[in-house]
1. Kindly indicate whether GLU164 is under 18 Å from the mean Cα position of the chain (by Cα), acidic (Asp, Glu) and either within 14 Å of the ligand (Cβ to nearest atom) or more than 26 Å from TRP75 (Cα to Cα) (or both).
2. Which pairs have Cβ atoms under 7 Å, sit 6 or more apart or on different chains, and link a residue in the stretch 21-43 that is in contact (Cβ under 8 Å) with a residue 60 or more places away in the chain to one that is open to solvent by 60 Å² or more (accessible area, probe 1.4 Å) and more than 16 Å from the ligand (Cβ to nearest atom)?
3. Restricting attention to the stretch 53-90, report how many residues are assigned to a helix (DSSP H, G or I), more than 16 Å from the ligand (Cβ to nearest atom), open to solvent by less than 60 Å² (accessible area, probe 1.4 Å) and out of contact with any His (no Cβ under 7 Å at 6 or more places or on another chain).
4. How many of the residues making up the stretch 176-219 are within 13 Å of the ligand (Cβ to nearest atom), of a type in the set (Ser, Thr, Tyr) and either in a strand (DSSP E or B) or open to solvent by 20 Å² or more (accessible area, probe 1.4 Å) (or both)?
5. Keeping to the stretch 91-100, report how many residues are away from the ligand (no atom under 16 Å from the Cβ) and among the aliphatic types (A, V, I, L, M).
6. Assess whether ARG173 counts as being outside any loop (DSSP other than H, G, I, E, B) and either in contact with a Gly (Cβ under 7 Å, 6 or more places away or on another chain) or open to solvent by 80 Å² or more (accessible area, probe 1.4 Å) (or both).
7. Restricting to the stretch 129-160, name every residue that is aliphatic (A, V, I, L, M) and not in a loop (DSSP other than H, G, I, E, B).
Amino acid sequence: MTIASTYLAVDEAVRNAAVASGRTPDAVTLLAISKGQSIAKMQAVYDCGQRAFGENYLQEALEKQAALTWTDVTWHYVGRVQTNKTREIAAHFDWVHALDQIKQAERLSAARASHLPPLNVCVAVNIDHNPKKTGVSESDVLAFAKTIATMPRLHLRGVMVLPEPRDTVEAQRVIFCRVKTMVDDLNAAGLSLDTLSMGMSSDFPEAILAGSTMVRIGTALFGARAT
Ligand SMILES: *Cc1c(COP(=O)(O)O)cnc(C)c1O
């Protein structure tokens, strides 16, 4: 399959899942995760209409942004936010998906230039309670998110999760629905979150059925990554 036909199939699958979840076809944003993928492949999906790209590594992202002189895309930083990179992340991205430390957030907010709109951010939640993984624990997320929401140059948009793969579709569904309930509870507690960044190549239809608003898809769009 060409990149274009793969792209169109994934885009259609995202739209179909959105409709199956009782929403409009464009209720879910397809975020193309382009880490480890070539400029040529990125250009091919751009030419198909893709306008949201996600990267994990700052240096790689900055090189691609310099080569691709697009002015009408949003760039999402989906990797871990290292404190010593916050200035450049705040300068070169529209979204940051994986906030899990107050210090990172303070530095991003302080660094975000006044001529740019506030930086859109999501809180990374360690939904599997895995001590080896990053992310805010479920019990801390309300207090953490409320603090982020006060930061002047950040726009708190929602929650990002990266659940471990489950053996069955049913088990996937259970964890995704638990995340959706958590977001609903946060909104009931006074936040106004409109984004649930959840679902990747292997599990995005289930994530959308559970209420994801943004799926982060790499290999299913572009093929295997260069190592
Ligand atoms: C790499 C990555 C993805 C994309 O993973 P695929 O399995 O290739 O779709 C999504 N989210 C994050 C945070 C990633 O690092």
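The values are calculated or read from the model by the stated rules, or taken from the named source; none is laboratory data. Given the structure is predicted, the values throughout are model-derived calculations rather than measurements. Cβ sites come from the backbone with ideal geometry, for glycine too, and all protein chains shown count toward neighbours. We work out accessible area using only protein heavy atoms, side chains counted, and drop any ligands, DNA or RNA first. Shrake-Rupley method; radii C 1.70, N 1.55, O 1.52, S 1.80 Å.
1. Details: under 18 Å from the mean Cα position of the chain (by Cα): yes; acidic (Asp, Glu): yes; either within 14 Å of the ligand (Cβ to nearest atom) or more than 26 Å from TRP75 (Cα to Cα) (or both): yes.
Here the answer is yes, as GLU164 does meet what is asked.
2. So the pair list comes out as SER21/LEU209.
3. Quick first cut of the stretch 53-90, residues assigned to a helix (DSSP H, G or I) only: 58-67, 83-90.
Now drop any that are not more than 16 Å from the ligand (Cβ to nearest atom), which leaves 62-63, 65-67, 83-84, 86-88, 90.
Next, only the ones that are open to solvent by less than 60 Å² (accessible area, probe 1.4 Å) stay: 62, 65, 83, 86, 90.
Next, only the ones that are out of contact with any His (no Cβ under 7 Å at 6 or more places or on another chain) stay: 83, 86, 90.
Qualifying residue count, the stretch 53-90: 3.
4. Matching residues across the stretch 176-219 total 4.
5. Summing the residues that are away from the ligand (no atom under 16 Å from the Cβ) and among the aliphatic types (A, V, I, L, M) in the stretch 91-100 gives 1.
6. Yes, satisfied.
7. Taking the stretch 129-160 as the starting set, the residues that turn out to be aliphatic (A, V, I, L, M) are 136, 141-143, 145, 148-149, 151, 154, 156, 159-160.
Passing the criteria: VAL136, VAL141, LEU142, ALA143, ALA145, ILE148, ALA149, LEU154, LEU156, VAL159, MET160.
One line per residue, one yes/no per condition, for (1) over 12 Å from the mean Cα position of the chain (by Cα); (2) over 29 Å from CYS177 (Cβ atoms); (3) touching a residue at least 12 places away in the same chain (Cβ under 8 Å):
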{"residue": "TYR77", "(1), (2), (3)": "no, no, yes"}
{"residue": "ARG87", "(1), (2), (3)": "yes, yes, yes"}
{"residue": "ARG112", "(1), (2), (3)": "yes, yes, yes"}
{"residue": "ILE127", "(1), (2), (3)": "yes, no, yes"}
{"residue": "GLY135", "(1), (2), (3)": "yes, no, yes"}
{"residue": "ALA145", "(1), (2), (3)": "yes, no, yes"}
{"residue": "PRO152", "(1), (2), (3)": "yes, yes, yes"}
{"residue": "GLY158", "(1), (2), (3)": "no, no, yes"}
